[in-house]
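The values are calculated or read from the model by the stated rules, or taken from the named source; none is laboratory data. Keep in mind it's a predicted model, so treat the numbers as computed, not measured. A quick note on method: Cβ atoms are made from the backbone with ideal geometry, for glycine too, and the neighbour counts reach across all protein chains shown.
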Amino acid sequence: MAPMLVSLKCGIRVQKRTLTLLIRQTSSYHVWDKSCINNGTNYQRRRTYALNSLHPQRTASWSTNRTENSRQILESAKHLQVTDKRTCWHGNAGGRLNADPKNVLKEVHSAKILSAMLSYVWPKDRPDLRARVAVSLGLLAGAKLTNVMVPFMFKYAVDELNQMSGHMLNLNDAPSTVATMTTAVLIGYGVSRAGSALFNELRNTVFGKVAQSSIRRIAKNVFLHLHNLDLGFHLSRQTGALSKAIDRGTRGISFVLSALVFNLGPTVFEMFLVSAILYYKCGGEFAAVALGTLSAYTIFTVLVTQWRTRFRIEMNKADNEAGNAAIDSLLNYETVKYFNNEKYEAERYDGYLKLYESSSLKTTSTLAMLNFGQSAIFSVGLTAIMLLASKGIAAGNMTVGDLVMVNGLLFQLSLPLNFLGTVYRETRQALIDMNTLFTLLNVDTKIKEKDLAPPLAVTPQDATIRFEDVYFEYMEGQKVLNGVSFEVPAGKKVAIVGGSGSGKSTIVRLLFRFYEPQQGNIYISGQNIRDVSLESLRKALGVVPQDAVLFHNNIFYNLQYGNINATPEEVYQVARLAGLHDAILRMPHGYDTQVGERGLKLSGGEKQRVAIARAILKNPPILLYDEATSSLDSITEENIMTSMKEMVKDRTSVFIAHRLSTIVDADEILVLSQVKAYFHSYRTIQVWMNLYRGKRICPSS
């Protein structure tokens, strides 16, 4: 789309339909000079004239009669060429919204996730957290050592009792003979158990800060990264699914941290330690049975858990879809009511719940199978090692205390082994949940700023905007801007007009660097916006969007969002300028009134006025208005436009508009058309306006 700059010096309001009709039928232009009206020599000759922009066979003769003008305008509309396909789409043109970002983004391998997790557990910039981890590991070692001592204490106690009785488990002797060494050993047994529990709880207490700090840092990094991603990403994702995925991933972080540091590794260490003790104290057969049992238990757990993973993935997917359907339906509450589709929405939601129910049942039934298999393997191993111990006692090679010790060592492993199964299952699940989280962190934004990019140096006095041969398309082969070049002078009010899909709002998005043009450059105050920092660029631009979306907070918060450091009096002042102050005071809670989700408790006009007010509060050198008054009535619009005149005085401002009442005082008008256009002198729109008014005007060379 190539632009045409024209000048508008007219004080009347003209319906946007009139301008649209005239613009869309124009393929070439002639220039008229209003000063020729007073040229008496040519006055009579120029009472009628032709617009050569029409098709050669559709050239109309335009009289100076107002009624006739209106009729001719409507007649000309019948011959307008209508674009069959829209080439300008706001966002993910032609693309589907993805319930789960993983479906369209490259997933992160579990090893990379674990590596990233360890960097949060042992951060280079947090010596205090590393000290806590070291202390926690020390407490863990103490817990394991005291834990292994417990069966030995029990063995010595039983052997002492057996020796003092002179008979196997014969306790007929006097209690005084028992209350010596045996009592001390039993006390040691109790102290060992209590010490093991104490070390474990101290470890959990010390490591708690490490886990919570890691969760906080990861969640914050994901949040910041999402804000740093380009607009195209955010227009192609579904909020409900993304929110659930991030929530599950964040909850999985704490579990994985604890599992990696204090469960998985220590349990494996304890397994080999117990096997070594059995080999040293009881022989190779005992060690072989113990290792065989533990290995079979571990292999069975891993294989079955991997098989069960697909059911959990299906359950997560169904959960994502159900959550997204619920949120999407509730956000569109009014639309559902308009079309009486409550039952349809309920059935649609129930369909997703059925999928979740089916996947959940599969997960539950396979879990029961896994638990039974684990118990069976452990029971077989425990029975085998008890038979070996009984055989040793009968042969006189072992004592009853040895049997108790073997039983105690193996039983002590039953808890971490059972927990190992749970840990492995939940770690696999947590890694699945966290995959989306770290996949998001792995997404690279398309909009990047250069290293050490300088801030944009701009003031209201030199705030020029220049597009230089800009080409842009949302979809390949569907050009929205085709070699656009124009310049907005500093301190001027420029209007951008054109049909739907001509690329008006795209210009605003390119200025904010929400997208990058495929070709060409954009300059503000003579500086290429690619060469300056994004923060300074966006700080220099203020925008009033057509669809004003508010935070689920009170009105004061949404107004102050334009400048979070603004004083209450400054907020009240911009509310007055936007014609909103009195309306707010009439509300039950005034400025503390909650606006609801996306500001739905306010009318369209009230939301738009909030957007106008916070743009004023930002006070940038460049102001952009994207249909800023489209939801306002004529009286309110006129009052706000009067206030805006003072605000945009000596400030560069760009108005995107269909309604001509918002641009009648524009210094220049940029016309974006589906056909090729050219730069021209600044009188053409004035001619069209005068034609509508029925004024006598004459062409000039």
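Only a single item in (1) under 30 Å from Pro416 (Cα atoms); (2) not in a helix (DSSP H, G or I) is not met by Thr309, and it is number (2). Every test in (1) of a type outside the set (Ser, Thr, Tyr); (2) surrounded by fewer than 17 Cβ atoms within 10 Å (Cβ to Cβ); (3) modelled with pLDDT under 90 is passed by Asn521 save one, and that test is (3). Within the range 551-580, residues that are under 21 Å from Met641 (Cβ atoms) have Cβ atoms under 7 Å from residues that are acidic (Asp, Glu) and surrounded by 16 or more Cβ atoms within 10 Å (Cβ to Cβ) in these pairs: Leu580/Glu606, counting only partners at least 6 apart in sequence or on another chain. Mind listing just one residue for me: the one in the range 123-134 that is surrounded by fewer than 14 Cβ atoms within 10 Å (Cβ to Cβ) and not basic (Lys, Arg) and, of those, farthest from Ser258 (Cα to Cα)? Selected residue: Asp125. Evaluated against (1) under 20 Å from Gly249 (Cα atoms); (2) of a type outside the set (Val, Ile, Thr); (3) crowded, with 16+ Cβ neighbours inside 10 Å, Gln306 falls short on exactly one condition, (3).
Can you tell me which of Ile622, Ile612, Ile616, Ile640 is closer than 26 Å to Glu668 by Cβ, crowded, with 18+ Cβ neighbours inside 10 Å and at pLDDT below 75? Unique residue meeting the criteria: Ile640. Which members of the range 336-357 meet the condition of being touching an Asp or Glu at 6+ places or on another chain (Cβ under 8 Å) and either under 26 Å from Met315 (Cβ atoms) or not in a helix (DSSP H, G or I) (or both)? Answer for the range 336-357, where residues must be touching an Asp or Glu at 6+ places or on another chain (Cβ under 8 Å) and either under 26 Å from Met315 (Cβ atoms) or not in a helix (DSSP H, G or I) (or both): Tyr352, Leu355, Tyr356. Note on the range 590-599: residues that are without any contact (Cβ under 8 Å) to a residue 40 or more places away in the chain and assigned to a loop (DSSP other than H, G, I, E, B) amount to 1.
Among residues of the range 526-549 that are without any contact (Cβ under 8 Å) to a residue 40 or more places away in the chain, none has a Cβ under 8 angstrom from a residue that is β-branched (Val, Ile, Thr) and outside any strand (DSSP E or B) at a sequence gap of 6+ or on a separate chain.
Applying the condition of being touching a Ser or Thr at 6+ places or on another chain (Cβ under 9 Å) and crowded, with 20+ Cβ neighbours inside 10 Å to the range 502-518 and asking which residue is farthest from Ile622 (Cα to Cα) yields Ser502. Of the numbered criteria (1) assigned to a helix (DSSP H, G or I); (2) modelled with pLDDT under 50, the one Ala157 fails is (2).
Just one of (1) over 30 Å from Asp328 (Cβ atoms); (2) surrounded by 15 or more Cβ atoms within 10 Å (Cβ to Cβ) fails for Pro588. It is (2). In the range 321-335, is there at least one residue being surrounded by fewer than 12 Cβ atoms within 10 Å (Cβ to Cβ), modelled with pLDDT under 90 and either touching a strand residue (DSSP E or B) at 6+ places or on another chain (Cβ under 8 Å) or assigned to a helix (DSSP H, G or I) (or both)? Yes, there is a match, as at least one residue in the range 321-335 is surrounded by fewer than 12 Cβ atoms within 10 Å (Cβ to Cβ), modelled with pLDDT under 90 and either touching a strand residue (DSSP E or B) at 6+ places or on another chain (Cβ under 8 Å) or assigned to a helix (DSSP H, G or I) (or both). Among the residues making up the range 515-536, those that are under 28 Å from the mean Cα position of the chain (by Cα) and farther than 30 Å from Gly477 by Cβ are Val532, Ser533, Glu535, Ser536. The requirement of being within 30 Å of Leu440 (Cα to Cα), assigned by TED's automatic domain parsing to the domain that holds Trp122 and without any contact (Cβ under 8 Å) to a residue 12 or more places away in the chain is fulfilled nowhere in the range 266-276; no residue meets it.
Could you go through the range 196-203 and let me know if any residue there is modelled with pLDDT under 75 and of a type outside the set (A, V, I, L, M). The answer is yes; a qualifying residue exists.
Listed conditions (1) within 18 Å of Lys155 (Cβ to Cβ); (2) part of a helix (DSSP H, G or I) are all met by Val380, apart from (1). The set of residues in the range 627-637 that are surrounded by fewer than 22 Cβ atoms within 10 Å (Cβ to Cβ) and either closer than 17 Å to Leu559 by Cα or not polar (S, T, N, Q) (or both) comprises Glu627, Asp633, Ile635, Glu637.
Just to confirm my filter: which helices (runs of 4 or more DSSP H) fall fully inside the range 204-282 and include at least 2 residues that are charged (D, E, K, R)? Before the answer, list the steps.
Numbers: elements: 231-234, 239-258, 265-281.
Result: 239-258, 265-281.
Filter the range 264-294 down to the residues that are among the hydroxyl-bearing types (Ser, Thr, Tyr) and exposed (fewer than 14 other Cβ atoms within 10 Å of the Cβ) and list them by number. Hit for the range 264-294 is Tyr280, nothing else.
Restricting the range 203-261 to residues that are among the hydroxyl-bearing types (Ser, Thr, Tyr) and crowded, with 17+ Cβ neighbours inside 10 Å, the residue that is nearest to Val121 (Cα to Cα) is Ser214. Taking (1) free of Cβ contacts under 8 Å to residues at least 40 places away in the same chain; (2) surrounded by 13 or more Cβ atoms within 10 Å (Cβ to Cβ) in turn, Ala368 satisfies each apart from (2). Just name the residue that is farthest from Asp650 (Cα to Cα) out of those in the range 447-490 that are touching a strand residue (DSSP E or B) at 6+ places or on another chain (Cβ under 8 Å) and of a type in the set (Asp, Glu). The residue in question is Glu473.
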